[in-house]
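The values are calculated or read from the model by the stated rules, or taken from the named source; none is laboratory data. Note that the structure is predicted; figures quoted are calculated from it, not measured. Here the Cβ is made from the backbone with ideal geometry for all residues, glycine too, and neighbour counts use every protein chain on show.
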Amino acid sequence: MAIVIKSASRANGHCTKLPTNRQQAGVELADNDGNQRNTAAGAEVESSTRSPTGIRSAPDACAHIIGYEQLSKLGIGFYPIHRDRSPAVKGKLDRASTIDLIKIGYWVEHRGHHSFALRILAGSRLLVIDTESPSKHAGKPGPDGELTFYDVLEEHGIVLPPCPTVLTATGGFHRYFLVPKWLPVRSTIGLWPGVDILAAGSSVILPGSYTNSGEYKVLRSFEECPIPEAPVAFITLIRETQKMMRRDRSHLSPSQPVPVGDSSFVSPQQWYRLFKNRVFAALWSRTAKLGDNSDSAYEYHLAKACFCSGLDQTQVVTVIGAWRRKHGLRRGRDKLCNVIIPAAWKEVSAWVDRWRAGRAAAEETRQTRKTASRILAFVGSAKTPQTPASIATALGIPRERAKKAMQRLAKKAQLLRTKEGYLVNADVVVTH
């Protein structure tokens with residue numbers, strides 16, 4: 001298998017069969033690495049954090065962040081996370097993340113943070129392949145990223161070199177590679193079913209971190225295996241698949257076109273409705289608990305919240321533009337309008353259609369009641385019986401609408417029908 005785990009790989013020559021147990025592939029190696037890390041970390045902490053002169057030295061980030069020595073040289077930053085995987089820092093992650101040893105030590109010693117993620121910054125060559133477990137979401141089976149990844153590599157005859165590998169808390173795998181300088185790739189969620197490509201602009205939880213789902217464990221350590229450069233054939237395959245996804249927008253096109261308005265103005269009432277939604281408020285302040293904390297992910301969820309509040313595409317662009325200005329982001333509109341917004345509309349279009357149908361029905365009911373009240377008031381004040389024609393003329397409503405309303409009032413015994421027309425029932429109290 002063209003996967004770096006020894007017992008789970010066939011294409012790299014370590015084994016001829018897929019493992020029957022997803023975690024069996026690296027349990028023994030993970031245990032050995034864990035024991036070695038604990039022993040080494042204890043020795044480093046015990047060796048004193050002070051220099052021979054008694055002056056306090058910079059903390060050893062390797063004791064807190066596995067793989068610091070290699071990763072810190074690859075154009076990335078580190079930041080602490082909470083158990084729910086949300087950032088434990090404020091602001092844009094590209095700015096809040098750091099490789100500064102003093103700051104990392106402060107987070108650990110004074111803030112009590114022991115779980116970290118890395119942020120892949122623009123221009124970094126780091127590439128992480130994230131294959132998901134089919135049981136990632138409880139009660140909702142998903143694609144098996146490992147098998148998908150294996151099939152893709154087998155189909156194209158690609159052999160990947162051994163690389164640092166991490167078992168995620170949900171049973172998936174993170175594989176670390178470098179891309180050639182002349183073949184950059186972009187992050188793509190779901191490039192293949194259950195396989196995500198994490199590059200510049202993405203975040204990756206580091207081994208040794210604990211989340212609500214469990215611990216991220218090393219299967220092949222950074223010390224044992226330096227991060228290799230991915231084969232050109234593999235990177236070329238990723239780039240070609242990404243280009244095909246950009247050309248093929250059919251899977252993003254909902255059954256109905258995205259609603260486009262003729263004005264970008266968002267009324268105060270619409271803003272109020274948006275911020276009344278706690279989900280939108282959390283997204284607006286970037287405090288929402290998302291698995292993917294990238295700017296694109298936030299824009300995707302913001303677009304969904306806007307559509308669910310009745311906004312059209314032009315207004316959604318206006319709201320997201322205001323959100324970008326709030327957080328100091330400079331991003332193009334092409335991806336937003338051609339990818340993110342259509343994908344968000346497809347996700348919520350069915351719900352929005354039902355919501356609009358419900359509002360239309362409620363409005364029709366309200367108008368019906370309003371028309372009935374007006375007819376009762378007019379007939380009660382009139383001295384002669386009234387017909388649908390006279391009511392339509394007097395109230396300025398369609399004759400057919402007046403006729404149906406008077407028939408409904410007659411069925412409810414609120415109007416009495418005579419040869420000359422309709423009269424108000426004596427038992428009905430009419431309020432003017």
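Quick notes
- Any hit, the stretch 290-311, residues being within 19 Å of the chain's Cα centre (by Cα), crowded, with 18+ Cβ neighbours inside 10 Å and at positive phi: no
- Residue match in the stretch 320-328 (condition: within 22 Å of H82 (Cβ to Cβ), out of contact with any His (no Cβ under 8 Å at 6 or more places or on another chain) and either at pLDDT 85 or above or part of a helix (DSSP H, G or I) (or both)): yes
- Test: residue in the stretch 71-88 that is among the charged types (D, E, K, R), assigned to a loop (DSSP other than H, G, I, E, B), more than 19 Å from the chain's Cα centre (by Cα) and not assigned by TED's automatic domain parsing to the domain that holds K289: yes
Okay, residues lined up against (1) within 21 Å of the chain's Cα centre (by Cα); (2) at pLDDT 90 or above; (3) in a loop (DSSP other than H, G, I, E, B):
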| site | (1), (2), (3) |
| --- | --- |
| T20 | no, no, yes |
| A30 | no, no, no |
| E69 | no, yes, no |
| K90 | yes, no, yes |
| R119 | yes, yes, no |
| L127 | yes, yes, no |
| D130 | yes, yes, no |
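- Among the criteria (1) in a loop (DSSP other than H, G, I, E, B); (2) within 23 Å of the chain's Cα centre (by Cα), the one C163 does not fulfil is (2).
- Residue within the stretch 142-154 that is at pLDDT below 90, outside any helix (DSSP H, G or I) and surrounded by fewer than 15 Cβ atoms within 10 Å (Cβ to Cβ) present: yes
- Residues in the stretch 133-164 that are more than 29 Å from Q70 (Cβ to Cβ) and hydroxyl-bearing (S, T, Y): 1 in all.
- Candidate set from the stretch 396-413 (those that are assigned to a loop (DSSP other than H, G, I, E, B) and within 50 Å of the chain's Cα centre (by Cα)); member that is farthest from A377 (Cα to Cα): P398
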